[in-house]
Amino acid sequence: MILNEFGYKAYGQALILCIITLLAAMCALILIAYSMNFHKARAQLILNFERLYASLGVVLMIICGIIGAYHAAQTTDPEYNLIGRGDAGIRPQWIAAAVIEFLTAFIFVADLLGMRFPFVYNRYSKSDEAEKHRKHEENLLKEQELRERYY
C-alpha cells in the first residue's frame, strides 16, 4: 500500500513496517512460549531469546526513528506533504511516528536493563521447594524405618 500510495517517495516507511512486523512476530513467539510454560521447562533459553528481542528492539527502533525522522523532514516539500489526508497533510503523522519510534527504543532499553535484576529469574519456585522438602521427608522416613528394622 505504501508503494502504491506514495510511489518511491516513502520507501523507508515500508522498511519500518517490516521491522515492526519482525518485532511483533518475536513478541508473539515469546507470548506463545510463556503460555506453554516454556519458561519453566527451558528458562535460560527463553530469557536469552527475550534479551535478543530487547537488544534487536533497541537497535531496530533507533533505525526506525532515524528513517522516520528523515521522511518527516522531507514533508516540507508540498508534494510529499499533500500525500496525507486532511488539511495538515502527512507531516504531523510522520513526526508523531518518528517520536514514538524513538520512545519505543527507550522502552526497549528499560526492558533490557530490567532483565538484570534478580526478580526476573528465580531458578527455584515455591513448588520446587515444596517438592524438594517432600522428598527429603520421604527419605527421612525410609531411613528411620530401616533403622528400626535392623536395630
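The values are calculated or read from the model by the stated rules, or taken from the named source; none is laboratory data. Nothing here was measured: the structure is a model prediction, and the numbers come from that model. Neighbour counts are summed over all protein chains in view; Cβ atoms, including those assigned to glycine, are modelled from backbone coordinates with ideal geometry.
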Restricting the stretch 126-144 to residues that are among the acidic types (Asp, Glu) and modelled with pLDDT of 85 or more, which is farthest from Lys40 (Cα to Cα)? Glu143
Consider Arg116 against the criteria (1) within 19 Å of Leu52 (Cα to Cα); (2) modelled with pLDDT of 90 or more: it satisfies all of them except one. Which criterion is unmet? (2)
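Residues are listed down the side, and each one gets a yes or a no for (1) surrounded by fewer than 14 Cβ atoms within 10 Å (Cβ to Cβ); (2) at positive phi; (3) over 15 Å from the mean Cα position of the chain (by Cα); (4) among the aliphatic types (A, V, I, L, M):
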{"position": "Ile19", "(1), (2), (3), (4)": "no, no, no, yes"}
{"position": "Arg42", "(1), (2), (3), (4)": "yes, no, yes, no"}
{"position": "Phe49", "(1), (2), (3), (4)": "no, no, no, no"}
{"position": "Leu52", "(1), (2), (3), (4)": "yes, no, no, yes"}
{"position": "His71", "(1), (2), (3), (4)": "no, no, yes, no"}
{"position": "Ala98", "(1), (2), (3), (4)": "no, no, yes, yes"}
{"position": "Glu101", "(1), (2), (3), (4)": "no, no, no, no"}
{"position": "Thr104", "(1), (2), (3), (4)": "no, no, no, no"}
Can you find, within the stretch 73-96, the residue that is modelled with the lowest pLDDT among those that are buried (at least 16 other Cβ atoms within 10 Å of the Cβ) and aliphatic (A, V, I, L, M)? Ile83
The stretch 88-115 residues that are in the same structural domain as Ile19 (by TED's automatic domain parsing), paired with ones that are part of a loop (DSSP other than H, G, I, E, B) and loosely packed, with under 14 Cβ neighbours inside 10 Å (beta carbon under 6 Å, 6 or more apart): Gly89/Leu82
Condition met for Ile62 (surrounded by fewer than 20 Cβ atoms within 10 Å (Cβ to Cβ) and outside any helix (DSSP H, G or I)): no
Quick check, is Leu52 at pLDDT 90 or above and not acidic (Asp, Glu)? yes
